[in-house]
Amino acid sequence: YYYYYYKVQKWDGKVAAISSEQVEDNGGELAYNINNLSIKQGGAHRWIGVNGMSSIAEGLISKLSRENSKLYTPITRIERVVTPRDNLNNNNKELWKLWAGEESLGEFDFVIASCRSLFRCSSRPKASNSTQAANGVLKPFIASSHAFEKLKGFEGKLPARSFTACIMFEPKQLPETLAFDAALISGTRSLAWACRESSKHSKNGNCNTTAKASDCWVLQSNDAIREFCQQPQQMNLLSLENNDLRDYLLYAIRFRMIEDFLAIVRSVCKDNDDETSNTLPSNLWPTEVHFEEWIDPFPEGLLLKEGEVDGLRCIVDDNLSLVGCGDFCTGPRVEDAALSGVAAANAVIKQFKLSLP
């Protein structure tokens, strides 16, 4: 518990639910009427990773020797290989062999997969050039698995398109008195969620270093963008690589998300009689933008129904020595993913009859 206290901490940010509608004529400037704004602070605990969510995994990996661990390694190919394990009895054993490009990462007794895109096929390019594990590399192995029947029908579907924009402003460009640190947003053309990452400071002052130096927000696109991208013309464009029209479409989505966010900020400040709303420059724009597609942003909770506490939290196939875990098994919260991971670890312990100190 001592260790986790420094890697995972409670976040007490003010979370708003904002219902809005676009103003039809506002002198050429985009604006929204705020129909309802409710702020909630406290209540159910919300948890964050100190210095970002990836720090939790990095902290856990640090307990292992560096020789036996690899961070940020995309798994591009997975094979089942038969390896002689007992020359005396001539017994063979099936193992997993993992590849990162042309590099073999070795042979393994057990695989735990926490990314659901590994179980489904998707040939479409991402909105950014970030290196990702190959989609669907585990799909052939679960085709005849009884344990993984929960994924049948799910693994062949293309996930919904959703986009994330990480935007940074210079300190005090946005009002420090803004009524919320995060918001669930309805009624805009493009936004479902906005969160001030720079509000996620831990008690000892640690936070994402980039966010600490500026005012950093993360925006998430809404159903309107998802439905727009599912139209045939957009789907065809987004399936292309190195295409100017595709790049322009992604730029337009990014522009719309930022524009909607700034319009919401102005409207919230105006409704709260915040005098800073009149001082926000008309050309206000983030100094830095990172934009990419977020694969599988809406966890279904395939194993646990909403509100259910007891039940399966991971998928285990002892014959394959394969476990599937993560938020797609249990639900969208960080705690759901963590509990699914604990269940997966317990499955491995049980499989190999390990004893822990």
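The values are calculated or read from the model by the stated rules, or taken from the named source; none is laboratory data. Model, not experiment: these values are computed from the prediction. As a convention, Cβ positions derive from the backbone with ideal geometry for all residues, glycine included, and neighbour counts pool all protein chains shown. When the accessible area is computed, the model is the full protein with side chains, heavy atoms only, and any ligands, DNA or RNA have been set aside. Shrake-Rupley method; radii C 1.70, N 1.55, O 1.52, S 1.80 Å.
For every residue, the table says whether it meets (1) in contact with a helix residue (DSSP H, G or I) (Cβ under 8 Å, 6 or more places away or on another chain); (2) under 21 Å from ALA192 (Cα atoms); (3) of a type in the set (D, E, K, R); (4) modelled with pLDDT of 80 or more.
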| site | (1), (2), (3), (4) |
| --- | --- |
| PHE255 | no, yes, no, yes |
| GLU259 | no, yes, yes, yes |
| ILE264 | no, yes, no, yes |
| SER282 | no, no, no, no |
Residue count, the stretch 1-26, condition within 30 Å of SER190 (Cα to Cα) and either part of a loop (DSSP other than H, G, I, E, B) or modelled with pLDDT of 85 or more (or both), comes to 15
Subject >> Residue check, LEU151 farther than 22 Å from LEU240 by Cα, at pLDDT below 75 and open to solvent by less than 30 Å² (accessible area, probe 1.4 Å) >> reply: yes
The one condition SER277 fails out of (1) assigned to a helix (DSSP H, G or I); (2) surrounded by 13 or more Cβ atoms within 10 Å (Cβ to Cβ); (3) at pLDDT 90 or above is (3)
The condition of being open to solvent by 50 Å² or more (accessible area, probe 1.4 Å), modelled with pLDDT of 90 or more, assigned to a helix (DSSP H, G or I) and among the aliphatic types (A, V, I, L, M) holds, among LEU245, LEU184, only for LEU245
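Only residues that are at pLDDT 85 or above, surrounded by 18 or more Cβ atoms within 10 Å (Cβ to Cβ) and not acidic (Asp, Glu): list them for the stretch 203-227, please.
Residues satisfying the conditions are CYS216, TRP217, LEU219, GLN220, SER221, ASN222, ILE225.
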Those residues of the stretch 319-335 which are open to solvent by 30 Å² or more (accessible area, probe 1.4 Å) and either among the aromatic types (Phe, Trp, Tyr) or over 15 Å from ILE142 (Cβ atoms) (or both) amount to ASP327, PRO332, ARG333, VAL334, GLU335
